[in-house]
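Right, one structure below, let's go through it.
The values are calculated or read from the model by the stated rules, or taken from the named source; none is laboratory data. Keep in mind it's a predicted model, so treat the numbers as computed, not measured. Heads up, the Cβs are rebuilt from the backbone with ideal geometry, glycines too, and the neighbour counts pull from every protein chain shown. Just the protein is used for accessible areas: all its heavy atoms, side chains included, with ligands, DNA and RNA removed. Shrake-Rupley method; radii C 1.70, N 1.55, O 1.52, S 1.80 Å.
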Amino acid sequence: MDNYDTHYWNLRLDDCEKALSKNNFEVFRADNAADAGRLVLETILPATGAKTLSWGGSVTLGALGIPDAVKNDSQYEPLDPYPKNATPEEMIAIRRQALQVDCYMLSANAVTLTGKLVNLDMVGNRVGALTFGPKNVIVIAGRNKLVADIEDALFRVKDRAAPPNAMRLDKKTPCTKTGFCEDCSSPDRICNTWTITEKSFPKKRIKVVLVNEDLGL
């Protein structure tokens, strides 16, 4: 069989899409990062009617070029949660404001084949917006985020997502030296608040874009 790897992942993504849809998420599919970016910017985001936008820290969103695209589009009023030269207090204030935008965008740390989203946050702004506040939420997840169930999701986040993220952010945590979660008490610890989103409420408030390509951490 040609393209067996793509076929394998399409089968997994099919199962995930069905489960997410059953759990009231609105689900979209993209073959790659470029297609995913266009889908969000040209179809999903305009359909929400959103004017005010913000987003969580995400390697995935950066790879798709979404933050830069919306900041350069005059039809939107983007609230950048990571402005240059902002003090920590100013950044917290901006992230609080982001809980009230029309649409919030983020990735997920893990997506289960049973149709649930699993995330782990340092500050809580990302999972806070996912849970409550913005009228629309767009979650973009590469196929590398797919796991069997909640147990596998918890393992993936602590084993595969958290240590590299701490390294990316130059945090002074044990995992940046060992490569493994040490369940530390460091002031720089990024693993503070878990969320498991079992269903979207209201229905289709959370839109999930599944991408048949590895994206982010």
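Brief remarks on what is shown
- Residue within segment 192-214 that is in contact (Cβ under 8 Å) with a residue 24 or more places away in the chain, among the basic types (K, R) and surrounded by 19 or more Cβ atoms within 10 Å (Cβ to Cβ) present: yes
- Among the candidates S54, S58, residue that is over 29 Å from A148 (Cα atoms) and either crowded, with 17+ Cβ neighbours inside 10 Å or at pLDDT below 95 (or both): S54
- The residues on offer are L117, L113, and the sole one that is within 19 Å of V59 (Cβ to Cβ) and at pLDDT 95 or above is L117.
- Taken as a whole, the condition of being out of contact with any Lys or Arg (no Cβ under 8 Å at 6 or more places or on another chain) and either outside any loop (DSSP other than H, G, I, E, B) or closer than 27 Å to G37 by Cα (or both) does not apply to A153.
- The residue of segment 92-109 that is surrounded by the most Cβ atoms within 10 Å (Cβ to Cβ), among those that are hydrophobic (A, V, I, L, M, F, W, C) and touching a Gly at 6+ places or on another chain (Cβ under 7 Å), is L106.
- Per the conditions (1) open to solvent by less than 20 Å² (accessible area, probe 1.4 Å); (2) farther than 16 Å from K207 by Cα; (3) at pLDDT 95 or above, the sole criterion not satisfied by Q75 is (1).
- Scan of segment 128-153 for residues that are farther than 21 Å from T114 by Cβ, open to solvent by 20 Å² or more (accessible area, probe 1.4 Å) and touching a strand residue (DSSP E or B) at 6+ places or on another chain (Cβ under 9 Å), ordered by number: G128, G133, K135, N136
- Restricting attention to segment 17-41, the residues being open to solvent by 40 Å² or more (accessible area, probe 1.4 Å) and either part of a strand (DSSP E or B) or of a type in the set (S, T, Y) (or both) number 4.
- Single match in P46, P67 (criterion: touching a helix residue (DSSP H, G or I) at 6+ places or on another chain (Cβ under 7 Å) and either modelled with pLDDT of 95 or more or open to solvent by 50 Å² or more (accessible area, probe 1.4 Å) (or both)): P67
- Only residues that are more than 17 Å from the chain's Cα centre (by Cα) and open to solvent by 30 Å² or more (accessible area, probe 1.4 Å) were counted across segment 160-178, and they come to 8.
- The criterion of being exposed (fewer than 14 other Cβ atoms within 10 Å of the Cβ), among the small types (G, A, S) and closer than 30 Å to K18 by Cα holds for G124.
- Search result, residues across segment 22-47 that are over 30 Å from N3 (Cα atoms) and more than 18 Å from the chain's Cα centre (by Cα): P46, A47
- Residue satisfying all of: in segment 123-152; aliphatic (A, V, I, L, M) and more than 14 Å from the chain's Cα centre (by Cα); farthest from K171 (Cα to Cα) among these: A148
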